[in-house]
1. Scanning region 98-132 for residues that are polar (S, T, N, Q) and touching a Ser or Thr at 6+ places or on another chain (Cβ under 8 Å), which turns out most open to solvent (accessible area, probe 1.4 Å)?
2. What's the number of the only condition in (1) within 19 Å of Ile304 (Cβ to Cβ); (2) surrounded by fewer than 18 Cβ atoms within 10 Å (Cβ to Cβ); (3) away from the ligand (no atom under 13 Å from the Cβ) that Asp197 fails to meet?
3. Give all pairs with beta carbons closer than 7 Å in which a residue from region 192-207 that is farther than 10 Å from Ser169 by Cα meets a residue that is open to solvent by 30 Å² or more (accessible area, probe 1.4 Å) and in a helix (DSSP H, G or I); count only pairs at least 6 apart in sequence or on separate chains.
4. With the requirement that a residue be within 14 Å of Ala17 (Cα to Cα) and open to solvent by 10 Å² or more (accessible area, probe 1.4 Å), what does region 49-63 give you?
5. Answer with yes or no whether Thr280 is over 16 Å from Val186 (Cα atoms), of a type in the set (S, T, N, Q) and in a strand (DSSP E or B).
6. Assess whether Ala137 counts as being closer than 27 Å to Asp308 by Cα and more than 15 Å from the ligand (Cβ to nearest atom).
Amino acid sequence: MTTMPKPTPATVSTMRAITYDTYGSADVLALADIARPVHSEEEVLVRVHSAGLDRGAWHIMTGKPYLGRLAFGLRAPKDRVLGSEVAGTVDAVGSAVTRFVPGDEVYGFAKGSFAEYAVTRETRLAAKPNNLTFEQAAAVPVSGATALQALTDAGRLQPGETVLVIGASGGVGSYAVQIAKALGGVVTGVASSGKLDLVRSLGADHVLDYTRDDYADGSTRYDLVVDIGGNPTLSRLRRALTASGTAVITGGEEGGRFSGGMNRQLRAVALSPFLRQRLTMFIAKQRSSDLERLTALIETEQVIPSVDRTYRLPEAADAMRRLEAGDVRGKLVISI
Ligand SMILES: NC(=O)c1ccc[n+]([C@@H]2O[C@H](COP(=O)([O-])OP(=O)(O)OC[C@H]3O[C@@H](n4cnc5c(N)ncnc54)[C@H](OP(=O)(O)O)[C@@H]3O)[C@@H](O)[C@H]2O)c1
């Protein structure tokens, strides 16, 4: 009897992945065997160990807000495989790639990370922090970089300033609290009653329960407000700010099907030049320089990813349902 040679990474051309062909609820997600992606000269092929599940994946899966379909695909999703945060090992690199070689342990941004392999550009990857597991590292890229950019590029946080993080218990907020502390901020975190202990454990100096406390009652005003949840009106945001404070509108889930609250963000930017306060918004960039800044904070233990739970690849739809239910403390991770 002839024995077949065991497949090696070079000969295996299919992989398991979480795919979807139509926008919808978590029910549209399916585990499938599909062709392994092929990297171009400028790209890195990553063997995925773990993939982070962030809110963005929910938006891409549902195609909501509808405005997002201009980027994700008008009638149906352009990319069949979900996921955008990755931690894994470099499997192969294109000829123009200079920063990584096969075998390197990396983390970063990669479309289609809910799969055994994903391709991305080297400018979207960094070396995995040496004190993190792959599961922890996969929970960092989108959420951590968004928090970093909200506080620094958009918020221009200075040491000693007071910071209000609205939505401190979620993916972005759990990093925003820790990074704001590391940058010398005095931090108040806003979350629901059952998650205030998490926000305290992340290092917040003060916590507020949005079901009971009103951060905009004027009793305390903040130099910087990072607005990540609840979609407060602009007048509420302004009431939480000092006379020359800054509000950074990062996101929120209650903004309507069509624009997802983009109106509020555009109104903020239009109004800001007429005020002493600064109201701003931003779309997070995916760059390795931010990952390297996050690595420095992580390796000095100023930032520790808050991983609520890890799911196996076939359980990705269950993970998405848990995210939808609003139960997650920090981040969920899919382990391949
Ligand atoms: N600008 C960008 O480029 C960018 C990048 C990434 C994400 N985003 C957006 O940012 C938002 C947050 O993302 P995420 O990954 O952090 O989501 P997430 O993990 O679901 O966290 C949402 C947070 O909002 C809080 N929240 C919910 N209702 C609230 C309310 N009424 N008042 C105050 N806080 C409330 C939640 O608190 P509890 O869980 O305690 O209820 C939780 O802390 C999403 O809309 C996402 O699309 C934008």
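The values are calculated or read from the model by the stated rules, or taken from the named source; none is laboratory data. Owing to the predicted nature of the structure, the values given are computational and were not obtained by experimental measurement. Note that each Cβ is placed from the backbone with ideal geometry, even for glycine, and that neighbours are counted across all protein chains shown. Note: areas computed on protein heavy atoms with side chains; ligands, DNA, RNA excluded. Shrake-Rupley method; radii C 1.70, N 1.55, O 1.52, S 1.80 Å.
1. Initially, region 98-132 is screened for residues polar (S, T, N, Q), giving 98, 113, 120, 123, 130-131.
Still in the list and also touching a Ser or Thr at 6+ places or on another chain (Cβ under 8 Å): 113, 123.
Values: Ser113: 0, Thr123: 82 Å².
Ranking the qualifying residues of region 98-132, first place goes to Thr123.
2. For Asp197, the exception is condition (3).
3. Within 7 Å, the pairs are Gly203/Lys181; Val207/Arg200.
4. His49
5. Details: over 16 Å from Val186 (Cα atoms): yes; of a type in the set (S, T, N, Q): yes; in a strand (DSSP E or B): yes.
Judged against the criteria, Thr280 is a match.
6. Details: closer than 27 Å to Asp308 by Cα: yes; more than 15 Å from the ligand (Cβ to nearest atom): yes.
Criteria met by Ala137.
One line per residue, one yes/no per condition, for (1) away from the ligand (no atom under 16 Å from the Cβ); (2) surrounded by fewer than 20 Cβ atoms within 10 Å (Cβ to Cβ):
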position	(1), (2)
Ala240	no, no
Gly245	yes, no
Met262	no, yes
Leu266	no, yes
Ala296	yes, yes
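So that you can scan it fast, the table gives a plain yes or no per residue for (1) closer than 18 Å to Ala87 by Cα; (2) more than 10 Å from the ligand (Cβ to nearest atom); (3) at pLDDT 95 or above:
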{"position": "Phe282", "(1), (2), (3)": "no, no, yes"}
{"position": "Glu292", "(1), (2), (3)": "yes, yes, yes"}
{"position": "Ile304", "(1), (2), (3)": "yes, yes, yes"}
{"position": "Arg322", "(1), (2), (3)": "no, yes, yes"}
{"position": "Gly330", "(1), (2), (3)": "yes, no, yes"}
